[in-house]
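Asker: Got a structure here, written out as structure tokens. Questions coming.
The values are calculated or read from the model by the stated rules, or taken from the named source; none is laboratory data. A quick note: this is a predicted structure, and the numbers were derived from the prediction, not measured. Using ideal geometry, Cβ is built from the backbone for each residue, glycine included, and neighbour counts are taken over all protein chains shown.
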Amino acid sequence: MKTKLDLAQAARWFHALSDETRLEIVRRLGDGERCVCDLTDALGAAQSRLSFHLKTLKVAGIVTDRKQGRWVYYSLNPDVLDAIAEFAAAAKPPPEAAWRTEGGCCA
């Protein structure tokens, strides 16, 4: 059973992933670290709009950043991606756990 903290963290992750632009950022970062200017060009997004989405993903822990000179590079946090996958896998019922109405509360 998930604790309240686990559920609150999962809610932050899924909120951060609930936007198409942020999902596209995650997809593109799946190919490796990217400079913010590369993401701006690839997504055709204004830098300020992209910064908002990157901050949302960073606060949720899904992406990390590092500064090199005047550029900022973003990458995915593999530990958080593993935790999201584990959370989703734990929510999936096993194949033999088909819903039955016989003898259930709605029968």
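Asker: Looking at Ala88, is it outside any loop (DSSP other than H, G, I, E, B) and modelled with pLDDT under 95?
Answerer: Criteria met by Ala88.
Asker: Go through the range 20-48 residue by residue and tally those that are within 18 Å of Asn77 (Cβ to Cβ), in contact with a helix residue (DSSP H, G or I) (Cβ under 8 Å, 6 or more places away or on another chain) and not in a helix (DSSP H, G or I).
Answerer: Residues meeting the conditions: 1.
Asker: Select, from Val26, Val59, the only residue that is exposed (fewer than 15 other Cβ atoms within 10 Å of the Cβ) and of a type in the set (A, V, I, L, M, F, W, C).
Answerer: Val59
Asker: Just to be sure I understand, how many residues within the range 55-70 are touching a strand residue (DSSP E or B) at 6+ places or on another chain (Cβ under 8 Å), farther than 18 Å from Ile84 by Cα and in a helix (DSSP H, G or I)?
Answerer: Selection size over the range 55-70: 0.
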